[in-house]
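Single-structure report; data block below.
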Amino acid sequence: MILLDTLSDPVARRTLMGRARLVGLFALVFAGVCAALSLTLRSVSPAPDMLVLTPKLEHFQTNADEYDTVFLGTSRTFYHIVPDLVEAGAAEAGCPGLSVYNFGVFGLTGAEQDYLLDAVLESDSVQRIILEDPLPQPRQFSETMTERARYFSAPAGYGAALGSVSSYPESFPKRIFRTGMFAFGAAYDLSGVGRGAALAFPEAEPPAPHTFDMSEDGFEALGDKMTDGIQARRDEFLSRPEGFEEALDLYGRSSPNIDARAAYMVGKLRKVEAAGKAASLYISPDLLELDRTAQVGKRVAETAPDLSVLNFNRPDAYPDLFERDVWYDFSHLSRSGAERLSRKAGAELCRAQTGAGEGGVNAVR
Amino acid sequence: MLFVELRFFALFAIVFGLVWTLKSNEWRKRVLTLASYVFYGAWDWRFLGLILFVTAVSYAVGAVAEHRPPGDARRKRALTLGIVAALGVLGLFKYFNFFTDSFVDFAGLMGLSASSVTLNLVLPVGISFYTFQAISYMVDVHRGDVAAKRSVLDVAFYIAFFPQLVAGPIVRAATFIPQMDTPRRWADVSVRACLALFLIGFIKKACVSDNIAPYVDLIFADPSSYTAASVVGGVLLYAVQIYCDFSGYSDMAIATAGLLGYKFPANFDSPYLSPNIQDFWRRWHISLSSWLRDYLYIPLGGNRRGNARRDVNLMTTMLLGGLWHGASMNFVIWGGLHGGALIVERLWNTHVASRFSPMGWIGALIGTVVTFYWVNLAWIFFRARTLEESFVIAKTYLTWSSPGVETLPVPVWPILAGLGLFHYAANKLDAQALLARLSPDRFAMTYGVLAAASLSFVPLGYRPFIYFQF
């Protein structure tokens, strides 16, 4: 009522409009200065030290000449691909001499994958790159405000992030929600909060830089380094044996937006090929994604038959990878599972490379 | 919920919109009281019971005072009971463990054995502030300075009003209640002045205090590892930190209340520029020092019963003022150092300074330096976690010698010089008035630039206000 009264009174309306204009002016200047300051300070600030990601990237950049094959993906690359066993599997299949690097980083998003891919493509020695389907944007506010999420919320990554979100095989409302999360993350980054403080008031006790044991060329078995989150997931897996069977039932179910995701992955693989390197899509065993990633792999193989797809998320094709005792939690294999998978991956990679037998495209059985 | 958190801005936006939309003063007070309980309950809703209890006691004392003539025994008894109840709550939650432990220690010194009964009580945020507000209401009503409120809502609103609820300023009943009784008018609100003050407070708290706090923490955590210059630098940084933290909070509280139409008295007035300790206490935490003066020092006799009694009263007031901050010997020593300085200053003025002609600005400068030096010595006891740690730092501060070799990984002295210059310039130019004088358009743009720039200097991760613990 009061609002209606105000709008019907010309003087009050003018006053209201005047105030709204001032608020708008403030908001405009505030947003503009925030963004300008944020981008300026970002350009002079060092990249944050990110757990696993930074030491792996640094190791790769220093030792890129040692590797000709790179697996680039999420925790299902990080915890699943044992480079030595991929090499052994490939050698047994007739492709000796591979030198594999595990560039898996847990929680890897589309924008992060593009960033790391660019770094890998700079290496002349790398001959083949195996990309895993990355994760979409975070689903919680807190996840959008981490140092890592913020670093990859730069304007340069907007296209990659939106591409990953819009193509992810999930319902339209969920994609809208994730787009909102992305927008929040981008706004948080552009606010510039903390950037001036970090430069003007350096940390009194800077933490030791993150390190990573590279003795297994980037691989780490899940559970070797225990955290509360990992333990909780393990406990849930152990306490709910029926959940394993329920997850297997997901296989074969349909998911929305599969075509878009397939096109998204094909685009990434073509980019690798355009750089003169062999490209493969790696679909990891993942119980909770049996209705999603397995279909993306199939669709990529159907729409781009010339591309190599290593689709392991298929209990019918790889039953030994879906025995409960080789799983650590509902999304990850244990070390023994990872070892089993890695040998197969090496063999499939060799077949894809040589076009022999059941390999390459034929891996999509 | 902190003034620098997003959720506070969201709550305030709702409350602000509602208050200025509602025409009824009663409804405004209801909204503000409810919002205050939401604000307080955001820490721990269980402590709302304490506020309600203190409110009920205050209301009851007021009701008795209203029906009994001045001097009536029952009226006095009600006041005494009310104060005892309010202080009882404070004592139980804040001082019980301190006094029982101190008693056990004392008994041990006397060769007696006593077992300690320690309660595992969490200190409710802001308890010292709202109990003092409640006492102010009871005493002011008893004295007849303000009429008792017939509505319990009014008493609840006065005690819980969220801008000052958890860390002051301690607003007297006689100051606030007349404002409650008349509907606030939007035309009387100086929006630009309030917004400017809020931003100044925000910058002090979030951009200065929170940024230097980690350096102070480092020094006070292990003072004997650091060089004398670093330790002294750390002490001075703490002086800056606590000033910016507390005065920043006060600025934001005053500005927030101002935007809702209520005027709070100033709580700080460039205290580190004071030429003597007495002046320092006229400029530092003004609402507490004047509260202690009016409700403790003067009732004790003030300066009406000779110099010796005045000194005793001064020392008692300062010791209790120290104890008000927390239940530890460190706060008692802090109060004692200030009380001692006030007594020495009186003696100096009476017996020495009066024999010489005033030294003009040189005297003021020397006085300011000496006062600042002493205030910082006292801050050491205020900040340190233990008495032993306090003595280690105080020794370094007084002798400028330390066995430590480490230095802070930041240029402390340039930071201090920069902050000092910034503060001096802001004061000299009267930043608040300067901003408030701008035309609306220029104000909107300047405010946008300053707010954006200050956001960049907000460190990631919130730090609670120091005075919340009191």
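The values are calculated or read from the model by the stated rules, or taken from the named source; none is laboratory data. Values in this document were obtained by computation on a predicted structure and should not be read as measured data. Counting neighbours? That spans all protein chains shown, and the Cβs are built from the backbone with ideal geometry, glycine included.
Residues checked against (1) in a helix (DSSP H, G or I); (2) surrounded by fewer than 20 Cβ atoms within 10 Å (Cβ to Cβ); (3) not polar (S, T, N, Q):
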{"position": "B:V369", "(1), (2), (3)": "yes, yes, yes"}
{"position": "B:W374", "(1), (2), (3)": "yes, yes, yes"}
{"position": "B:R385", "(1), (2), (3)": "no, yes, yes"}
{"position": "B:L408", "(1), (2), (3)": "no, no, yes"}
{"position": "B:G418", "(1), (2), (3)": "yes, yes, yes"}
{"position": "B:K428", "(1), (2), (3)": "yes, yes, yes"}
{"position": "B:L434", "(1), (2), (3)": "yes, yes, yes"}
{"position": "B:D441", "(1), (2), (3)": "yes, yes, yes"}
{"position": "B:L460", "(1), (2), (3)": "no, yes, yes"}
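Which ones in the stretch A:194-250 are on the phi > 0 side of the Ramachandran plot and within 14 Å of chain B (Cβ to nearest Cβ)?
Filtering the stretch A:194-250 for residues on the phi > 0 side of the Ramachandran plot gives A:194, A:217-218, A:223.
The one that is on the phi > 0 side of the Ramachandran plot and within 14 Å of chain B (Cβ to nearest Cβ): A:G194.
What is the residue count in the stretch A:30-79 for residues that are crowded, with 17+ Cβ neighbours inside 10 Å, within 11 Å of chain B (Cβ to nearest Cβ) and among the β-branched types (V, I, T)?
Qualifying residue count, the stretch A:30-79: 1.
Is it true that A:D259 is assigned to a helix (DSSP H, G or I) and not aromatic (F, W, Y)?
Values: assigned to a helix (DSSP H, G or I): yes; not aromatic (F, W, Y): yes.
When the stated conditions are applied, A:D259 passes them.
Hey, does the stretch A:189-210 have a residue that's in a helix (DSSP H, G or I) and in contact with a Lys or Arg (Cβ under 7 Å, 6 or more places away or on another chain)? Spell out the reasoning first.
Of the residues in the stretch A:189-210, the ones in a helix (DSSP H, G or I) are A:189-191, A:195-200.
Cutting the leftovers down to in contact with a Lys or Arg (Cβ under 7 Å, 6 or more places away or on another chain) gives us A:189, A:195.
Scanning the stretch A:189-210 turns up at least one residue that is in a helix (DSSP H, G or I) and in contact with a Lys or Arg (Cβ under 7 Å, 6 or more places away or on another chain).
Among (1) in contact with a Ser or Thr (Cβ under 7 Å, 6 or more places away or on another chain); (2) touching a residue at least 40 places away in the same chain (Cβ under 8 Å), where does B:F331 come up short?
All conditions pass for B:F331, except number (1).
Are any residues in the stretch B:378-419 in contact (Cβ under 8 Å) with a residue 60 or more places away in the chain and aliphatic (A, V, I, L, M), and if so, which ones?
B:I380, B:A384, B:V392, B:I393, B:V405, B:L408, B:V410, B:V412, B:I415, B:L416, B:L419, listed by residue number.
Given the criteria closer than 13 Å to B:G258 by Cβ and not in a helix (DSSP H, G or I), does B:R184 qualify? Walk me through it before giving the result.
Numbers: closer than 13 Å to B:G258 by Cβ: yes; not in a helix (DSSP H, G or I): yes.
For B:R184, the condition - closer than 13 Å to B:G258 by Cβ and not in a helix (DSSP H, G or I) - is met.
Just one of the numbered conditions (1) farther than 29 Å from A:D291 by Cβ; (2) surrounded by 18 or more Cβ atoms within 10 Å (Cβ to Cβ) is not true of A:Y168; which one?
Going through (1) farther than 29 Å from A:D291 by Cβ; (2) surrounded by 18 or more Cβ atoms within 10 Å (Cβ to Cβ) one by one, A:Y168 breaks only (1).
Within the group B:D245, B:D217, B:D294, B:D269, which residue is in contact with a helix residue (DSSP H, G or I) (Cβ under 8 Å, 6 or more places away or on another chain) and either within 20 Å of B:W324 (Cβ to Cβ) or not in a loop (DSSP other than H, G, I, E, B) (or both)? Spell out how you get there, then give the answer.
On the way: B:D217 fails: in contact with a helix residue (DSSP H, G or I) (Cβ under 8 Å, 6 or more places away or on another chain); B:D294 fails: in contact with a helix residue (DSSP H, G or I) (Cβ under 8 Å, 6 or more places away or on another chain); B:D269 fails: either within 20 Å of B:W324 (Cβ to Cβ) or not in a loop (DSSP other than H, G, I, E, B) (or both).
Just one listed residue meets the conditions, B:D245.
Restricting the stretch B:189-217 to residues that are within 13 Å of chain A (Cβ to nearest Cβ) and polar (S, T, N, Q), which is farthest from B:S456 (Cα to Cα)?
Selected residue: B:S209.
Taking B:A341 and the conditions (1) out of contact with any strand residue (DSSP E or B) (no Cβ under 9 Å at 6 or more places or on another chain); (2) among the small types (G, A, S); (3) under 28 Å from A:A198 (Cβ atoms), which numbered condition does it fall short on, given that it satisfies the others?
So the condition that B:A341 fails would be (3).
All but one of (1) over 25 Å from the mean Cα position of the chain (by Cα); (2) within 14 Å of chain A (Cβ to nearest Cβ); (3) within 29 Å of B:H338 (Cβ to Cβ) hold for B:L416, so report the exception by its number.
(1) is the only condition that B:L416 fails.
Given the conditions (1) over 15 Å from B:N276 (Cβ atoms); (2) crowded, with 21+ Cβ neighbours inside 10 Å; (3) at pLDDT 95 or above, which single one is not true for B:G336?
The single condition B:G336 does not satisfy is (2).
Out of (1) under 29 Å from the mean Cα position of the chain (by Cα); (2) within 14 Å of chain A (Cβ to nearest Cβ); (3) more than 27 Å from B:C194 (Cβ to Cβ), what's the single condition that is false for B:K395?
(2)
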